[in-house]
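For reference, the structure is listed below as structure tokens.
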Amino acid sequence: MPLTPDASAPSVLLAVTGTPYWTLSDGTKHPCGYWPEELAVPHRIFREAGLCTAIGTPGGVRPTPDPAGLTDEWAGYLDSLGPELTTPLVIEDLADSAGRDSYDAVFVPGGHGPLEDLAHSAPVGLLMRRMHAAGKPVAAVCHGPAALLPAREDDGSWTFAGFRLTAFSNEEETEFGLADRAPFLTEDRLKEYGAVFSTADTAWGEHIVVDRGLYTGQNPASAGPLAHRVVEALTAG
């Protein structure tokens, strides 16, 4: 069972996709959601470190785990979260200053779902921008960095232009089998927006990039190490 942290401990908002599908370029709705490992592992690391956690989704809908990644281990842990997962917070309500001030960091798990909703959500972009402007860690793993795409400054420029970061690579998407039907590839889109993109030497290898308060991980293997970096940032000193 998750540990119960002290209410005065640092807090992390896990911003999770709310969609159960990804619309491919041919109009097919590919069943997906969030990648279970990328929510369960960081959540467990945060709780074991004594941090407070909350989960939010667009519209406050109950998020859907991608069945392709749902093992008995992850299903058991996620079931133990109870209302935190089944009745999440409404991300749109957290994009204002009150929401920004309520959490010390934001962490976005991946899965293909973020490409359907978070990548196109103005409130999600506003949340990312305001958390970053407040000097709070903004972290995302795998396809989660798609949630950075709608973050815009008042002049329309992308908040994270010129930042070093990583995400699920074109090579990994190809090996997963969806690259040729994807409306866009995460790596390509982030580069188009102005990211300085890097990957591990080999596909599926652990890779973490930290730049000016932005914490990103490439793939499922990077979720745990990325969460540990966020814990370090919130508990240092």
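The values are calculated or read from the model by the stated rules, or taken from the named source; none is laboratory data. Predicted model only: the values in this text are computed from it and were never measured. As a convention, Cβ positions derive from the backbone with ideal geometry for all residues, glycine included, and neighbour counts pool all protein chains shown. The accessibility values were calculated without ligands, DNA or RNA, using every heavy atom of the protein model including side chains. Shrake-Rupley method; radii C 1.70, N 1.55, O 1.52, S 1.80 Å.
Test ALA167 against the stated conditions and say whether it is out of contact with any Lys or Arg (no Cβ under 7 Å at 6 or more places or on another chain) and either touching a residue at least 24 places away in the same chain (Cβ under 8 Å) or of a type in the set (Lys, Arg) (or both).
The answer is yes for ALA167.
Among ALA15, ALA40, ALA7, ALA95, which is the only one that is of a type in the set (Gly, Ala, Ser), modelled with pLDDT under 95 and open to solvent by less than 20 Å² (accessible area, probe 1.4 Å)? So that I can check it myself, show each step before the final result.
On the way: ALA15 fails: modelled with pLDDT under 95; ALA40 fails: modelled with pLDDT under 95; ALA7 fails: open to solvent by less than 20 Å² (accessible area, probe 1.4 Å).
Selected residue: ALA95, the only one of ALA15, ALA40, ALA7, ALA95 that is of a type in the set (Gly, Ala, Ser), modelled with pLDDT under 95 and open to solvent by less than 20 Å² (accessible area, probe 1.4 Å).
Please go through segment 98-116 and pick out each residue that is within 20 Å of ARG189 (Cβ to Cβ), out of contact with any Leu (no Cβ under 9 Å at 6 or more places or on another chain) and either surrounded by fewer than 21 Cβ atoms within 10 Å (Cβ to Cβ) or among the hydrophobic types (A, V, I, L, M, F, W, C) (or both).
Result: LEU115, single match.
If TYR34 meets every condition in (1) out of contact with any Leu (no Cβ under 9 Å at 6 or more places or on another chain); (2) surrounded by fewer than 22 Cβ atoms within 10 Å (Cβ to Cβ); (3) not polar (S, T, N, Q) apart from one, which number is that one?
(2)
Does segment 148-165 contain at least one residue that is under 21 Å from TRP35 (Cα atoms) and part of a helix (DSSP H, G or I)?
There is at least one residue in segment 148-165 that is under 21 Å from TRP35 (Cα atoms) and part of a helix (DSSP H, G or I).
Just need a number here: residues in segment 64-92 that are part of a loop (DSSP other than H, G, I, E, B), open to solvent by 10 Å² or more (accessible area, probe 1.4 Å) and without any contact (Cβ under 8 Å) to a residue 60 or more places away in the chain. Before the answer, list the steps.
First, pick out the residues of segment 64-92 that are part of a loop (DSSP other than H, G, I, E, B): 64, 66, 70-71, 80-82, 87-88.
From what's left, open to solvent by 10 Å² or more (accessible area, probe 1.4 Å): 64, 70-71, 80-82, 87-88.
Restricting the remaining residues to those that are without any contact (Cβ under 8 Å) to a residue 60 or more places away in the chain gives 64, 70-71, 82, 87.
Result for segment 64-92: 5.
Quick check on segment 217-237. Is at least one of its residues modelled with pLDDT of 95 or more, assigned to a strand (DSSP E or B) and closer than 14 Å to PRO42 by Cα?
yes
Restricting the search to segment 150-168, which residues are open to solvent by 10 Å² or more (accessible area, probe 1.4 Å) and under 16 Å from the mean Cα position of the chain (by Cα)?
Across segment 150-168, the qualifying residue is only PRO150.
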